[in-house]
Amino acid sequence: MKTVLIFEPQAGGHRENFIRLLANGIREHAALSGHFVFFTAVEAEGVSPGISGRLAAAGWIEKKRLLWKLFCETCETIKPDHVLILELTHLELPLALFGSPCPVSAILFVQYPELPRGPKFFSKHWKTALLLRRASVRNLFLLNGETSCGWLASRFGSLAHFIPIPDPVPEIAPEAGFLLRPHFGICAERKVFLFFGAISRRKGADALIESLHLLSPATVAGSAFVFCGEPEMDYRRPFQQACAQLRAVRPDIQLFVENHFVSDARMMALFEQSDVVLMPYKRPEYSSGVLALAAKANTPVIGTDGGLLSRLIRDNGLGLTCPVHPRELSAAITSAVAALPPVDPARRAAFVKRSDPELFAQTLLEAVLS
C-alpha cells in the first residue's frame with residue numbers, strides 16, 4: 001500500500017478548506033488504496049496538526065528555508081512513497097535546485113502562462129523547466145487552470161501530468177442572526193461593497209482606496225464599503241495610514257474595516273448580504289476562492305480586466321471587469337451604485353456546479369495514488 005504524505009505546515013487562507021476537503025475525501029472513499037499522513041497546521045477530523053508559529057513570523061527567504069528544512073525532515077521521518085504539496089510557492093525553487101527525496105505532486109498557484117511575456121514570465125518558465133527536470137514531479141494541479149494546463153502540457157507533457165482542478169466552493173451555512181447592515185449601521189438605501197481576504201497591494205487595496213477619494217458626493221451617498229481581512233505584514237502600516245487619510249479627507253465615505261478573523265459562517269453571511277464583491281487584483285495569474293464564494297452567494301463582482309480572473313468573470317457571467325487604476329475603479333463603483341453589475345443565472349450556476357469540493361478532493365487523491 002502506497003504511503004502518501006500531505007504536506008502543508010502553514011495556516012490561513014485556502015489551506016484549512018483544502019485540508020478538510022481532502023480529509024473528508026479520504027474518509028468517504030474507502031476504496032482508496034493508500035495510507036495518508038498529514039503534516040499540517042490545521043486541525044480536522046483524521047488530521048494531526050503540525051507547527052506553523054515560526055513560519056507565520058518568518059520573512060520570505062526565511063520561510064523558504066524553514067519549509068524546505070521541514071519538508072526534508074518530514075520525508076526522512078515518514079519515508080513516503082509520494083508527497084502531495086498543497087502550495088508549491090515557497091518550495092518551488094528549493095525543489096528545482098536540489099530535487100526531491102521522493103515523487104511529488106503539487107498545486108501550482110502561480111499560473112505563469114497567464115502572465116504577459118516579460119522577465120517575470122521567463123523567470124517562472126525557467127524555474128518550472130528546472131523543477132520538472134530535477135525533482136520527481138508526477139502531477140501539477142492548477143485551480144481553474146484548463147488554459148494553463150494545455151499550454152504547459154504542450155511544452156512539458158512528457159515530464160509530468162498537468163491537471164486542472166476546481167477552486168472548490170465549500171458548503172457553508174451563513175451565520176444565523178447576523179445582519180450586515182444593522183451590524184455596521186448601514187441604511188437600506190446604500191449599496192454595500194465588500195473587499196474580503198488578505199489585504200495587500202497585490203490584491204489592489206492601494207488602488208481601491210485611491211479610487212474612493214475620487215467618488216462623487218452622489219456616489220458616496222449611495223454606497224458603503226466593508227474591508228474584512230488581515231493586512232499582509234508589509235502592508236499593515238501603509239494600509240492603516242491610507243485608511244486614516246481617507247477618513248480625514250473624505251469623512252462622508254462610509255468605510256468599515258474588520259481586520260480580524262471571522263468564522264466561515266460570518267464570512268458567508270457577508271458575501272450573501274453584500275451587493276457587490278470588489279476584486280481589483282493586480283496578479284492576473286491566480287484563481288481565487290473569493291470569486292467562487294461570490295458566485296455561490298449570487299453576488300456580482302467587480303474584478304481586474306486581465307488574465308485568468310478576468311476570463312473567469314467574463315466567461316461565467318459573474319459581474320464586470322475594469323483596469324486596476326483609481327479612475328477606472330471609481331467609474332466602475334459609480335456604475336454599480338446606479339445599477340448592479342449583471343450576473344448570468346445559468347452560467348453562474350454552471351460555474352458553481354463545476355467548483356465542486358468533492359471533485360476537487362477526488363481528482364487530487366486519485367492522481368497521487370495512480
May I ask you to list the residues in the stretch 71-95 that are surrounded by fewer than 20 Cβ atoms within 10 Å (Cβ to Cβ) and in a helix (DSSP H, G or I)? CYS72, GLU73, THR74, CYS75, GLU76, THR77, ILE78, LEU93, PRO94
What's the number of the condition GLU285 fails, among (1) open to solvent by 20 Å² or more (accessible area, probe 1.4 Å); (2) assigned to a loop (DSSP other than H, G, I, E, B)? (1)
In the stretch 347-365, residue nearest to LEU214 (Cα to Cα) [restricted to those that are open to solvent by 50 Å² or more (accessible area, probe 1.4 Å) and touching a residue at least 24 places away in the same chain (Cβ under 8 Å)]: ARG347
Would you please list the contacts, defined by Cβ atoms under 8 Å and residues six or more apart or on different chains, that run from a residue in the stretch 192-205 that is among the hydroxyl-bearing types (Ser, Thr, Tyr) to a residue that is not in a strand (DSSP E or B)? SER200/GLU232; SER200/TYR235
Considering ALA248, ALA224, ALA265, ALA244, which residue is open to solvent by 20 Å² or more (accessible area, probe 1.4 Å) and either outside any helix (DSSP H, G or I) or touching a Pro at 6+ places or on another chain (Cβ under 7 Å) (or both)? ALA265
Restricting to the stretch 227-241, count the residues that are acidic (Asp, Glu) and open to solvent by less than 70 Å² (accessible area, probe 1.4 Å). 1
Quick one: what pairs do we get from the stretch 310-329, first residue of a type in the set (Gly, Ala, Ser), second open to solvent by less than 20 Å² (accessible area, probe 1.4 Å), C-beta under 7 Å, 6+ apart or different chains? SER310/GLY303; SER310/THR304; GLY319/PRO300; GLY319/VAL301; GLY319/ILE302; GLY319/GLY303; GLY319/ILE313; GLY319/PRO341
Is the stretch 161-172 home to any residue that is at pLDDT below 95, over 29 Å from LEU93 (Cα atoms), in contact with an Asp or Glu (Cβ under 6 Å, 6 or more places away or on another chain) and outside any strand (DSSP E or B)? yes
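Could you list, in sequence order, all residues of the stretch 187-210 that are in a loop (DSSP other than H, G, I, E, B) and either buried (at least 20 other Cβ atoms within 10 Å of the Cβ) or at positive phi (or both)?
Our first condition is that a residue be in a loop (DSSP other than H, G, I, E, B); within the stretch 187-210, this holds for 187-190, 197-198, 200-204.
Those that are in a loop (DSSP other than H, G, I, E, B) and either buried (at least 20 other Cβ atoms within 10 Å of the Cβ) or at positive phi (or both): GLY197, SER200, LYS203, GLY204.
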When every residue in the stretch 251-261 that is without any contact (Cβ under 8 Å) to a residue 60 or more places away in the chain, closer than 13 Å to LEU212 by Cβ and not in a loop (DSSP other than H, G, I, E, B) is compared, the one most open to solvent (accessible area, probe 1.4 Å) is VAL257
Scanning the stretch 123-174 for residues that are among the basic types (Lys, Arg) and surrounded by fewer than 16 Cβ atoms within 10 Å (Cβ to Cβ) gives ARG133, ARG134, ARG155
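The values are calculated or read from the model by the stated rules, or taken from the named source; none is laboratory data. None of these values were measured; they are calculated from a predicted model. Methodologically, a virtual Cβ is constructed for each residue, glycine included, from the backbone with ideal geometry; neighbour enumeration extends over all protein chains shown. Protein only, heavy atoms only, side chains kept; ligands, DNA and RNA dropped before computing areas. Shrake-Rupley method; radii C 1.70, N 1.55, O 1.52, S 1.80 Å.
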